[in-house]
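First comes the structure, then the notes that go with it.
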Amino acid sequence: MDDTSSSKPMRNDFSDLNADMLHAVMELVSDGIWDWNANTGFVYRSPGWYEMLGYPRHSLENSVFTWENVIHPEDYPQVMTVFDSYIHQHTPHYQAEYRCRKADGTYLWIEDRGYIVARNPDGSVARMVGAHRDIHTRKCSIEQLERRNQSLEALVAERTRELSRVNQQLLLQLDENRSLAERDTLTRVANRYRLEKVLLEECDRAERFRLPLALVAMDIDDFKPINDRYGHAVGDQTLVHVVETLEACLRPTDLLARWGGDEFMVVLPQGDLETARALAERIREKVAQMPTLGSFKVSLSLGVVQRHPGESPAALMARADQALYRSKAAGKDVVSE
């Protein structure tokens, strides 16, 4: 369907729209329908949608994250590109074909069509409805026809299987190498490369769905004397103990990364400033309770910030670093915004 909201005025007041009738009509022409209220974040999915993918009815979270989580990882970037282009009125309609993960772990090809029925005064999406249609049989039939038209089918199939086995081995090795490349060799938490990668993804998600995102920057106070007095081996062990303490304070969705030296950052998806400050205070207190190292007592200075709309990852990290600097200037072992 075309989004005509850019060519003629569109009512934002849909209080008189019979949602039950709309859902019933769409159910007749699709395998599953969805209705996204962008202002509240609530997403309705019809019983047919759950049945199509093999999940118990209404067993998944009514949010956009359910949709994100069932999309095949290889299809996800292209789907988001098409979706973003439509909601920002760069293209006249939204339609995509991609794979969705079923309850049994297999994937089903679906066709996804959506239509914006209301926008907010600032032009952002207020409500969008759409339908998912099972096209798996058609997709598989096309693939079978293509295979029949190939010459030397048996030889090609065998070669394909052989290459697939090699590819699986290469993918396993690649995953292992990627994991090593994204982890700090000493503390085993995310390194700077992974931090920048994840922060970019979370900024994009926060901007797309208008979600909060917070960042905590921290630094061990007066860390250099530990290395000077006790040696780098003791300094390294101190870093490991600090990381263990930090990890015990985090939510499963948070990302802890070593920024460099004795500096660390925590990315808090869907976290606001209050959440970040509470976490930072808990971290500061837990680190302060660590056993002393000779005459040296370990403490942290921390800076917390919440992302502004449209703010880049680099700008967000710069503000977190400035907040950390204010903690240092304030006497250390404090949390600043």
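Screening LEU246, LEU293 for residues that are of a type in the set (A, V, I, L, M) and crowded, with 20+ Cβ neighbours inside 10 Å leaves exactly one candidate, LEU246. One residue alone among TYR76, TYR107, TYR86 is over 27 Å from LEU211 (Cα atoms), outside the structural domain of PRO309 (by TED's automatic domain parsing) and at pLDDT 95 or above, and that residue is TYR107. Of all residues in region 305-337, those being under 15 Å from LEU211 (Cα atoms) and assigned to a loop (DSSP other than H, G, I, E, B) number 6. Report whether or not ASN167 is surrounded by 12 or more Cβ atoms within 10 Å (Cβ to Cβ), over 26 Å from the mean Cα position of the chain (by Cα) and either without any contact (Cβ under 8 Å) to a residue 24 or more places away in the chain or not assigned by TED's automatic domain parsing to the domain that holds TYR44 (or both). Answer is yes for this residue.
Applying a threshold of 7 Å to beta carbon distances and a minimum spacing of six or more residues, or different chains, the list of pairs starting in region 248-275 at a residue that is closer than 18 Å to MET290 by Cβ and ending at one that is buried (at least 16 other Cβ atoms within 10 Å of the Cβ) and aromatic (Phe, Trp, Tyr) reads LEU256/PHE264; ARG258/PHE264; ASP262/PHE223.
A residue that is in contact with a Cys (Cβ under 9 Å, 6 or more places away or on another chain) and either assigned by TED's automatic domain parsing to the domain that holds SER63 or not acidic (Asp, Glu) (or both) can be found somewhere in region 127-134. Annotation note: Cβ proximity below 8 Å between a residue of region 89-100 that is under 18 Å from TRP67 (Cβ atoms) and free of Cβ contacts under 8 Å to residues at least 24 places away in the same chain and a residue that is basic (Lys, Arg) and not in a loop (DSSP other than H, G, I, E, B) (sequence gap 6+ or interchain) occurs for GLN95/ARG113. From the list ALA288, ALA257, ALA233, the lone residue that is of a type in the set (A, V, I, L, M) and at pLDDT below 90 is ALA233. Using the structure shown, decide if GLU202 is out of contact with any Cys (no Cβ under 8 Å at 6 or more places or on another chain), in contact (Cβ under 8 Å) with a residue 24 or more places away in the chain and not assigned by TED's automatic domain parsing to the domain that holds ILE116. The answer is yes for GLU202.
No other residue among ARG326, ARG277, ARG319 is surrounded by fewer than 17 Cβ atoms within 10 Å (Cβ to Cβ) and not small (Gly, Ala, Ser) apart from ARG326. On inspection, PHE14 does not qualify as at pLDDT 80 or above, among the aromatic types (Phe, Trp, Tyr) and in the same structural domain as HIS136 (by TED's automatic domain parsing). Going through region 192-215 one residue at a time, which ones are in contact with a Lys or Arg (Cβ under 9 Å, 6 or more places away or on another chain) and aliphatic (A, V, I, L, M)? Scanning region 192-215 gives LEU195, ALA206, LEU211, LEU213, ALA214, LEU215. Considered as a group, the residues in region 210-240 that are in a helix (DSSP H, G or I), surrounded by 16 or more Cβ atoms within 10 Å (Cβ to Cβ) and of a type outside the set (Gly, Ala, Ser) include one that is nearest to the chain's Cα centre (by Cα), and that residue is LEU239. Filtering region 276-294 to residues that are free of Cβ contacts under 8 Å to residues at least 24 places away in the same chain and out of contact with any helix residue (DSSP H, G or I) (no Cβ under 9 Å at 6 or more places or on another chain) leaves ALA278, GLU285, THR292. Any residue that is within 30 Å of VAL64 (Cα to Cα), in the same structural domain as LEU200 (by TED's automatic domain parsing) and part of a loop (DSSP other than H, G, I, E, B) - is there at least one of those in region 259-271? The answer is yes; a qualifying residue exists.
Listed by first and then second residue, the pairs with beta-carbon distance under 8 Å, at least 6 apart or on different chains, first residue in region 120-149 and closer than 23 Å to TRP67 by Cα, second surrounded by fewer than 11 Cβ atoms within 10 Å (Cβ to Cβ), are ALA131/VAL29.
The values are calculated or read from the model by the stated rules, or taken from the named source; none is laboratory data. For clarity, every value in this text was computed on a predicted model and none was experimentally measured. In this analysis, Cβ positions are derived from the backbone assuming ideal geometry, glycine residues included, and neighbour counts consider all displayed protein chains.
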